[in-house]
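Engineer: Below you will find the structure I want to go over with you.
The values are calculated or read from the model by the stated rules, or taken from the named source; none is laboratory data. These numbers come from a predicted model, not from an experiment. Because the Cβ atoms are built from the backbone with ideal geometry, glycine has one as well, and the counts that use them run over all protein chains shown.
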Amino acid sequence: MEFEIGHPVAMLESETCRLVLVLFPSQGHINPMLQLATILNSRGFSITIAHPEFNSPNPSNYPNFTFLPIPDGLSKSSLTVQDFHSTMLAIHRNCREPLRRFIQQMLEQNDPQGRVACIIYDALMHFAQEVAAQLNLPSINVRTSAAASMLAFAALPRANEQGYITFTDSLIQDESLKLQSLNIRDLLITMGENPSDTVLELRAATTSATRNSCAAIVNTIHFLEEEMLPKIQEYFHAPIYAIGPFHKLAPSSSSSLLKEDTGCISWLDKQASRSVLYVSFGSVASMNEEQLLETAMGLAMSERPFLWVVRPSSVGCTEWLELLPKGLQEIIGQRGCIVKWAPQKEVLAHGAVGGFWTHCGWNSTLESICEGVPMLCWPVFGDQGLDAKYISHVWKIGLELEAKLERGKIAGAIRRLMVEEEGEEIRQQAQAFKERAERSLDMGGSTNTALNELVELILSFQPQHVTSD
């Protein structure tokens, strides 16, 4: 089978395009990919969601989509930082051939109501690009992280020894290349100076797949990375479409793997405007006993109302709150609310929330920006350090905590963000960013324009009929 560039309108009139979206099974990746699928479905495309059986999304929340579970050989019920890379390797090893067979079968059906136009895949599922090449289908790479992570992944050491693809060394060595006050080298180095061989292999494979795809979609807003995007385009020659924030373009169907405690909204309703600090470290990061204790005491000492998400089993081998100090509840009284999981977008949009202590995952970062909520940054792993540098040093819409949590410093940082004059300046900047994000979604805004261009590109892919061998 071959594909060719054709006339978009002719394609739209002659048949329905079916897009196969390949998901990586982590909450922070499932959410934006399903949001992207919803966006593209609203533009008239039929959607097939190909996903590992591990951490499967709930198909009943998306009745318009076809779900294609891929055997993965995994049995774990949760994904942690410790087993992230081993899980990823198993997925790459076990899912590639089943995905190829399933899409081959779809192509052989030649359904005029939904022939496959292209494969759109999470960048971490890089083998999907090779599957697309084998089947002579176009492929589009999706970054669910900041666009800058594309360069960070490509900044690979030992290129000559290992044969890894890397971009020109001068990019990270040239001190004149800055984003406002932050050297690009400093921004990229937060991804880790001494990555393991496994991480290097992942970055190399992801970078190679990105280079070989027809385009890249990034869940970012142009103004957030307007200095970085041209530098990225220089090294990845296929078009890059910044069509974020996905969650603002897509209806609010739930794709949470954890049950949300909506009772916390009633608690927020009783709090004063912009008085509450929301605390959540995402769906993967964990804490040790000391970090939990220092966090709890820091929140208590801050004397500010707080809504704290403590994910079950996120602290060592404990089930939930067993390790919290016995007198903590008496200290905080009704000033604190602790839940297992929260409806985050609803929480951040609530008028009582005035700050967000976050691990700086990219979804959380975008959701906070879109609601004008300033951030207290405590990155844990991966690209979260990069996001924290953006928030605190480039955009100046938050403060960064030291990696080692200490109750006095926590309480002081909370007061700086929520009460003191420094926090007022940050709040004003965060509100300005919210307004700019809203304008990007308007007709003629950067996101709206990029989405229209992406749709035109997909419609130009003209798959031809195939026959089985």
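Engineer: Could you say whether any residue in segment 272-292 is crowded, with 18+ Cβ neighbours inside 10 Å, over 26 Å from the mean Cα position of the chain (by Cα) and under 23 Å from Gly423 (Cβ atoms)?
Structural biologist: Yes: one or more hits.
Engineer: Given the condition touching a Lys or Arg at 6+ places or on another chain (Cβ under 8 Å), without any contact (Cβ under 8 Å) to a residue 12 or more places away in the chain and either part of a loop (DSSP other than H, G, I, E, B) or within 26 Å of Met228 (Cβ to Cβ) (or both), answer yes or no: does some residue in segment 400-418 qualify?
Structural biologist: Yes, the conditions are met somewhere in segment 400-418.
Engineer: Let me ask something else. Tell me yes or no: at least one residue of segment 84-102 is assigned to a loop (DSSP other than H, G, I, E, B), modelled with pLDDT under 90 and farther than 30 Å from Asn288 by Cα.
Structural biologist: no
Engineer: Scan segment 273-291 and report the pairs whose first residue is without any contact (Cβ under 8 Å) to a residue 40 or more places away in the chain and whose second residue is surrounded by fewer than 17 Cβ atoms within 10 Å (Cβ to Cβ), with Cβ atoms within less than 7 Å and a gap of 6+ or a chain change.
Structural biologist: As it stands, the answer is Asn288/Gly316; Glu289/Gly316; Glu289/Leu323, since those pairs meet every condition given.
Engineer: Condition test on Leu417, is it surrounded by 19 or more Cβ atoms within 10 Å (Cβ to Cβ), touching an Asp or Glu at 6+ places or on another chain (Cβ under 9 Å), at pLDDT 95 or above and not charged (D, E, K, R)?
Structural biologist: No; evaluated as a whole, the condition is false for this residue.
Engineer: Can you find a residue that is without any contact (Cβ under 8 Å) to a residue 40 or more places away in the chain, assigned by TED's automatic domain parsing to the domain that holds Glu289 and either of a type in the set (Ser, Thr, Tyr) or touching a helix residue (DSSP H, G or I) at 6+ places or on another chain (Cβ under 6 Å) (or both) anywhere in segment 383-392?
Structural biologist: Looking for residues that are without any contact (Cβ under 8 Å) to a residue 40 or more places away in the chain, assigned by TED's automatic domain parsing to the domain that holds Glu289 and either of a type in the set (Ser, Thr, Tyr) or touching a helix residue (DSSP H, G or I) at 6+ places or on another chain (Cβ under 6 Å) (or both), one finds at least one in segment 383-392, hence yes.
Engineer: Take the residues of segment 354-399 that are part of a loop (DSSP other than H, G, I, E, B), within 16 Å of the chain's Cα centre (by Cα) and among the small types (Gly, Ala, Ser): which is surrounded by the most Cβ atoms within 10 Å (Cβ to Cβ)?
Structural biologist: Gly361
Engineer: Okay, next question. Condition check: assigned to a helix (DSSP H, G or I) and modelled with pLDDT of 90 or more. Does Ala128 satisfy that?
Structural biologist: Considered against the rule, which asks whether it is assigned to a helix (DSSP H, G or I) and modelled with pLDDT of 90 or more, Ala128 comes out as yes.
Engineer: Now a separate question. Restricted to segment 293-316, and to residues that are over 22 Å from the mean Cα position of the chain (by Cα) and among the small types (Gly, Ala, Ser), which residue is modelled with the lowest pLDDT?
Structural biologist: Filtering first and then ranking leaves Gly316.
Engineer: Can you tell me how many residues in segment 330-350 are assigned to a loop (DSSP other than H, G, I, E, B) and within 11 Å of Leu258 (Cβ to Cβ)?
Structural biologist: Qualifying residue count for the region: 4.
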